[in-house]
Amino acid sequence: GQNIDQPTEMTATEGAIVQINCTYQTSGFNGLFWYQQHAGEAPTFLSYNVLDGLEEKGRFSSFLSRSKGYSYLLLKELQMKDSASYLCAVRDAGNNRKLIWGLGTSLAVNP
Amino acid sequence: ETGVTQTPRHLVMGMTNKKSLKCEQHLGHNAMYWYKQSAKKPLELMFVYSLEERVENNSVPSRFSPECPNSSHLFLHLHTLQPEDSALYLCASSQDVRGAEAFFGQGTRLTVV
């Protein structure tokens, strides 16, 4: 079956670094997305990985290993405003329209 | 206005009511989507429209009826809903159905009583 796993909750300290992991088992693969969603707001796009390796974008980086079915989102120099839910989603190769979503990781950044 | 706008932001309706959710995008995108987000469940894709044509319907009950009159507007017509339909309904758009990035609206929080 299709499955995306990510931790339910994480806690970190302002100024620190946190890594949010995502593992997936899907029938095909055509890209992995990370979205950020603050409570009561729309999900916003953070990153897209389709090839193995690290993509860096400011304080946020995303890594992909297709052979391991694994990705992580790395957040550096954490700020209070980074407290949000982080959603991992995989695009199925069999149907380019269909994204398979994880439940999201709720990150709390404490002072 | 820019981005993806959804109205209303909150809606409470009885099981015998008929209501509609509206989504509008000002991004010039060709693909639009309806998602359902429930507590402790992953985002569920409901419908996909590409150039005003419905290209995907993920086994959604007929009490949900989408309409896409043009590439900028998307509606979700609701009738005889059940309490378990209470959720956050999110609209999104992307350049096309294979677009790498989807832009979401802020959603309509629906409560069925």
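Before moving on, here are some points about what is shown:
- Computed in the context of the full set of protein chains, the accessible area of segment B:43-95 at 1.4 Å probe radius has 46% of its extent on carbon or sulfur.
- Peptides ranked, highest mean first, by Cβ atoms within 10 Å: ranges B:55-68, A:16-29: A:16-29, B:55-68
- ³J(HN,Hα), Karplus 6.51/-1.76/1.60, whole Hz, each residue of segment A:40-53, x for Gly, Pro: x, 10, 6, x, 10, 5, 10, 7, 9, 10, 10, 10, 4, x
- Globularity index of the protein assembly as shown, i.e. its alpha-carbon radius of gyration over 2.2 N^0.38 Å: 1.02
- Legend note: in the protein assembly as shown, cysteines whose Cβ sits 4.7 Å or more from every other cysteine Cβ are B:C68.
- The residues of segment A:31-63 listed by number as losing at least 10 Å² of accessible area in the complex, against the isolated chain and with a 1.4 Å probe, are A:F33, A:Y35, A:Q37, A:G40, A:E41, A:A42, A:P43, A:F45, A:Y48.
- Buried area at the A-B interface (accessible, heavy atoms, 1.4 Å probe, summed, Å²): 1700
- The charge dipole of the protein assembly as shown, taken about its Cα centre with unit charges on the Cβ of Lys, Arg, Asp and Glu (plus for the first two, minus for the last two), comes to roughly 360 debye.
- Total charge dipole magnitude, segment B:1-77, about the Cα centre, Cβ charges on Lys, Arg, Asp, Glu only, Debye to nearest 20: 480
- Its convex hull of Cα atoms gives chain B a direction-averaged projected area, equal to a quarter of the hull surface, of 6.6 nm².
- Counted charge near A:H38, where neighbours are those whose Cβ lies closer than 12 Å (Asp, Glu -1; Lys, Arg +1): -1
- Accessible surface calculations at 1.4 Å, restricted to protein heavy atoms, place chain A at 47 Å² per residue.
- Chain A: radius of gyration over Cα atoms, expressed as a fraction of 2.2 N^0.38 Å: 1.02
- The alpha carbon centroids of segment A:1-47 and segment B:37-107 are separated by 21 Å.
- For segment B:3-8, putting each phi into the Karplus relation 6.51 cos²θ - 1.76 cosθ + 1.60 with θ = phi - 60° gives couplings of x, 10, 10, 10, 9, x Hz, in residue order, rounded to whole numbers and with x for Gly and Pro.
- For the set A:T11, B:T80, solvent exposure ranked by accessible area (probe 1.4 Å, protein chains only) runs largest to smallest as A:T11, B:T80.
- Element breakdown for segment A:28-102 at a 1.4 angstrom probe: carbon and sulfur atoms account for 50% of the accessible area.
- Rounded accessible area per residue of chain B, 1.4 Å, Å²: 48
- Rounded to whole Hz, the Karplus (6.51, -1.76, 1.60) HN-Hα couplings of segment B:22-34, x for glycine and proline: 10, 9, 9, 10, 10, 10, x, 7, 9, 10, 9, 9, 10
The values are calculated or read from the model by the stated rules, or taken from the named source; none is laboratory data. Keep in mind the model is a prediction, meaning the values are calculated, not measured. Don't worry about glycine lacking a Cβ; one is built from the backbone with ideal geometry, like all the others, and counts go over all protein chains shown. Just the protein is used for accessible areas: all its heavy atoms, side chains included, with ligands, DNA and RNA removed. Shrake-Rupley method; radii C 1.70, N 1.55, O 1.52, S 1.80 Å.
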